[in-house]
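The values are calculated or read from the model by the stated rules, or taken from the named source; none is laboratory data. Every value quoted in this text rests on a predicted model; they were computed, and no experiment measured them. Using ideal geometry, Cβ is built from the backbone for each residue, glycine included, and neighbour counts are taken over all protein chains shown. Only protein heavy atoms, including side chains, enter the accessible area calculation; ligands, DNA and RNA are left aside. Shrake-Rupley method; radii C 1.70, N 1.55, O 1.52, S 1.80 Å.
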Amino acid sequence: MSYAVESAKVGHIPTVFIELDMDFCALRSGIGACTATQTGDDKCHNTYSTCNDPANFDKTIKTYRFCEKNASIPVGINAIPLIKSVSFASQEITPGKGLGVRGSVRVNFIDAPWPDTEIDPYWQERTYDTTNSGTFWGKFKARNPYYENRVLRVRRGYLTAVFDWSNFVDSVYVIDRLDGISKNDDVTVVAKDILKLADDKKALFPKPSNGRLSADISDTDTSFTLVPSGVGAEYKTSGKLAISGEVVVYSRSGDTFTVTRGASNTTAEVHSADDTAQEVGIFDDEKIQDVIYELLTTYSGISTDYIDKDAWDDESTAYLAGVWNAEITEPTGINTLIGELTEQGLCRVWWDELEQQIPFRAVKPLPDGLPVLTDESHFLSKTIDVKTDTTQRIATALIYFAQKKPTEKIDDLKNYELRVATPDLDAISALQYGTNPFKKIYSRWFKKTSLGRVNALADSLIKTYRDAPRVIEFNLVPALQLKVGDLFIAETRKIQRVSGAIESVPFEVVYAQPTDNDDIKYKAQEVSVNIPISNRYDIPILDDVDVNLYDYFVNEFGVPDQGITVNFEILEDVFITGSTVSNYALTVDDRWPSGVTIILINKGLIAGRGGKGADACWYYQSLNSSPRIDEEIFSIGEDGEDGGNALLVDYPIIIDNTNGTIGGGAGGGGAGVSILLGDDLSSEYSGAGGGGAPIGHGGARGYIQQFLDGVEYYYTDSNFETAGTTATKTQGGDAGIKFCKSTPSPFGYTANGGKGGDLAQNGENGYSPLYPSSFTPGVGGIAGDAIHGNSFITWQNTGSILGTVT
């Protein structure tokens with residue numbers, strides 16, 4: 001037999017049982033581990049509130065089973081006949097809006113006398129009449145005051161000649177409240193689905209911290225003590241704390257904290273005694289299913305028995321990509337956090353009350369083989385109602401991300417570095433909807449490097465909700481057993497094509513509630529057929545230095561799996577270079593696992609760092625002797641710095657450089673040299689070299705060093721203009737000019753520095769005067785190479801490559 005078989009039979013006899021799972025001690029009073037010595041009426045009732053030896057309370061479960069007052073229960077099935085009525089309110093999934101509405105059941109019970117023979121282990125030892133003393137619910141509430149969040153099980157099914165539990169389906173809830181005994185001698189128990197434990201009023205992350213500063217601290221103090229004594233044990237041995245608007249990094253010994261101030265982009269501040277030191281909740285490069293799992297199990301207290309973690313991992317691996325990061329400085333409701341994650345992570349969790357599991361599913365393209373429900377075969381006559389929910393339509397997605405300070409409010413626009421605005425211009429146009437409803441998301445989870453994932457989120461939202469989804473309500477017989485979260489295809493005459501033919505439309509069940517007629521009332525929402533797959537690895541790269549594609553990937557998606565395809569894109573006008581001439585601008589190293597396909601589309605500039613221009617010479621004078629002695633320390637001009645290399649490749653990669661440039665860093669210009677005639681008015685001093693492109697720094701200005709009466713002086717004057725200029729991205733910096741107190745130079749010679757090289761060019765040599773001829777100007781730096789490792793590259797288009805390729 002089975003529930004589905006029995007539900008389809010004519011004349012079936014439906015019935016319902018309610019089961020309450022209460023904490024109960026596995027020990028017996030005064031026996032073994034239990035040290036209680038009470039006797040008779042003073043003995044406990046094996047519940048924690050009545051326990052005489054709480055230290056040894058050994059929790060197990062006692063199940064109280066109830067049935068309706070006039071139920072025809074077969075012999076052998078123990079049930080207390082106090083059920084008056086049972087009513088349901090289905091959970092409701094709200095796609096794109098977090099966890100939705102929690103499901104619940106409301107059970108009204110009759111209160112009446114009930115013997116303790118199956119309830120009180122010591123009923124025979126009591127001096128009072130355990131059958132007629134009090135009533136069932138009066139005694140139950142006195143003995144079980146800690147009923148909240150305990151399991152309530154609804155078992156709906158059908159009675160058969162031979163009783164069989166397989167003819168029943170179980171729905172599991174947790175008790176939210178127990179009201180009564182009312183003036184009508186009723187008791188009402190309201191229970192909600194398991195995810196109620198994650199309600200913002202019940203569960204927080206991080207957990208509230210109780211430590212307070214024992215004394216005032218300045219903005220430079222690096223240690224402090226928390227009170228009350230022993231409170232340090234509530235904290236980790238190291239981590240981060242939030243004190244007012246400041247975040248500190250700490251290590252702890254007892255109640256004493258050693259800290260680094262002004263962490264997480266906050267500023268060190270003065271704090272007062274008794275200010276709270278709140279532990280910061282941190283997720284660092286976590287997969288989304290792991291974050292949700294931890295929030296539900298560790299911080300909401302939901303049993304791991306309700307989660308198939310392996311199935312969660314498989315779903316995430318197959319359809320989702322990316323790692324999640326957040327620093328949460330104030331205790332925040334778990335429901336709120338999971339709502340953010342499911343919306344921004346394009347996934348969903350809900351409570352399957354029949355399977356007694358919390359499923360995890362990616363928002364993904366529809367699978368094949370969905371069941372088809374039709375007017376003729378499935379929908380109950382005259383129950384189907386079709387609506388269009390225009391409140392869900394989105395024409396523009398606005399997503400704010402890259403939070404500056406975790407201590408600021410989540411909706412403070414000034415606290416975000418980046419924003420993505422993705423409009424559907426056709427939908428906004430007057431020829432279509434003519435309005436622009438927008439969806440605004442503030443994300444604490446996406447980093448500055450998450451632009452690709454944010455774009456994917458915006459794309460998915462627009463494709464899913466650019467047209468208002470249709471919503472259908474209908475009734476089905478229980479035999480069909482659709483559940484919340486199920487997907488199906490609806491074919492009904494109430495949804496037609498332009499030709500009048502019936503359209504096949506995919507739907508998701510978002511609501512399912514039993515009715516008094518033994519039917520199930522459903523609500524289902526249309527599912528877009530345009531949902532893109534989320535398990536794509538698209539990584540836009542913004543202006544940066546020392547870019548390593550493997551590190552970029554790991555930072556956003558975690559360690560890569562074999563066989564994936566990763567698309568990197570350097571956007572138009574983006575500039576990638578090395579932080580020094582020793583570092584490559586961009587590296588593709590060999591840490592990638594086998595079979596990974598890497599594609600790089602370059603629309604910007606990848607260039608080695610430009611070399612620095614040579615510094616100008618300096619000049620020494622001693623004014624203490626007569627005649628004065630003048631001596632030039634350097635007679636050979638300094639050389640310009642060599643440029644850096646652009647691209648290093650040690651792993652196969654496909655590159656499309658159609659609209660981009662890859663070039664070696666240019667050399668810096670050499671310095672000129674000086675001419676010294678012993679006549680200060682006619683001497684000429686060298687100019688510095690210009691910086692090589694890109695952004696090589698110009699050489700420093702020269703100066704004169706003098707000694708007068710034992711005092712050392714350095715000086716330049718308004719005419720001492722020998723500094724080279726810093727290069728632009730592609731153009732070398734100008735050379736510094738010579739200095740001569742006689743203007744124009746009496747000899748017409750030039751001692752200017754060399755100009756820095758343009759992108760991928762050598763820097764110019766410095767210039768020297770004709771006298772003395774033994775002085776040698778500085779040599780311009782040599783340009784770096786464009787590409788090392790060309791054999792690993794498959795070119796879709798070479799575009800502009802400037803410099804040596806090896």
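When only residues in the range 422-458 that are basic (Lys, Arg) and crowded, with 18+ Cβ neighbours inside 10 Å count, which is farthest from THR390 (Cα to Cα)?
First pass over the range 422-458, keeping only residues basic (Lys, Arg): 439-440, 444, 447-448, 453.
From what is left, the residues that are crowded, with 18+ Cβ neighbours inside 10 Å are 439, 444, 447, 453.
Details: LYS439: 13, ARG444: 28, LYS447: 32, ARG453: 27 Å.
Among those residues, the one meeting the criterion is LYS447.
The residue that is farthest from GLN356 (Cα to Cα), among those in the range 137-175 that are within 36 Å of the chain's Cα centre (by Cα), of a type in the set (Ser, Thr, Tyr) and outside any loop (DSSP other than H, G, I, E, B), is TYR173.
Confirm whether LEU487 is surrounded by fewer than 18 Cβ atoms within 10 Å (Cβ to Cβ), within 28 Å of the chain's Cα centre (by Cα) and over 30 Å from LEU418 (Cα atoms). I'd like the intermediate steps shown before the answer.
Details: surrounded by fewer than 18 Cβ atoms within 10 Å (Cβ to Cβ): yes; within 28 Å of the chain's Cα centre (by Cα): yes; over 30 Å from LEU418 (Cα atoms): yes.
Yes: the conditions hold for LEU487.
Restricting attention to the range 93-130, the residues that are among the hydrophobic types (A, V, I, L, M, F, W, C), touching a residue at least 40 places away in the same chain (Cβ under 8 Å) and closer than 21 Å to GLN392 by Cβ total 2. Note on the range 296-317: residues that are of a type outside the set (Ser, Thr, Tyr), surrounded by 19 or more Cβ atoms within 10 Å (Cβ to Cβ) and part of a helix (DSSP H, G or I) amount to 2.
Against the criterion of being of a type in the set (A, V, I, L, M, F, W, C), out of contact with any strand residue (DSSP E or B) (no Cβ under 9 Å at 6 or more places or on another chain) and at pLDDT below 95, VAL16 does not qualify. Of the residues making up the range 705-724, one or more are in contact with a Lys or Arg (Cβ under 9 Å, 6 or more places away or on another chain), crowded, with 24+ Cβ neighbours inside 10 Å and modelled with pLDDT of 80 or more. In summary, strands (runs of 3 or more DSSP E) completely within the range 44-136 and bearing 3 or more residues that are out of contact with any Ser or Thr (no Cβ under 6 Å at 6 or more places or on another chain) and over 30 Å from ARG28 (Cβ atoms) occur at 80-89, 104-110. In summary, strands (runs of 3 or more DSSP E) completely within the range 338-380 and bearing 2 or more residues that are within 25 Å of ILE502 (Cα to Cα) and of a type outside the set (Asp, Glu) occur at 372-374.
Matching residues to (1) open to solvent by less than 20 Å² (accessible area, probe 1.4 Å); (2) under 26 Å from VAL420 (Cα atoms); (3) acidic (Asp, Glu); (4) at pLDDT 90 or above:
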{"position": "GLU508", "(1), (2), (3), (4)": "yes, no, yes, yes"}
{"position": "ASP519", "(1), (2), (3), (4)": "no, no, yes, no"}
{"position": "VAL529", "(1), (2), (3), (4)": "no, yes, no, no"}
{"position": "ASN535", "(1), (2), (3), (4)": "no, yes, no, no"}
{"position": "THR565", "(1), (2), (3), (4)": "no, yes, no, yes"}
{"position": "LEU571", "(1), (2), (3), (4)": "no, yes, no, yes"}
{"position": "THR580", "(1), (2), (3), (4)": "no, no, no, yes"}
{"position": "THR597", "(1), (2), (3), (4)": "no, no, no, yes"}
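Checking the condition part of a strand (DSSP E or B) and of a type in the set (Asp, Glu), which residue from ASP538, ASP551 passes? On inspection, the qualifying residue turns out to be ASP538. Residue count for the range 561-618 satisfying the condition of being part of a loop (DSSP other than H, G, I, E, B) and of a type outside the set (Asp, Glu): 31. Report whether or not GLU330 is of a type outside the set (A, V, I, L, M, F, W, C) and assigned to a loop (DSSP other than H, G, I, E, B). Spelling it out, GLU330 is indeed of a type outside the set (A, V, I, L, M, F, W, C) and assigned to a loop (DSSP other than H, G, I, E, B).
Could you tell me whether the range 332-351 includes any residue that is charged (D, E, K, R) and open to solvent by 50 Å² or more (accessible area, probe 1.4 Å)? No, there is no match, as no residue in the range 332-351 is charged (D, E, K, R) and open to solvent by 50 Å² or more (accessible area, probe 1.4 Å).
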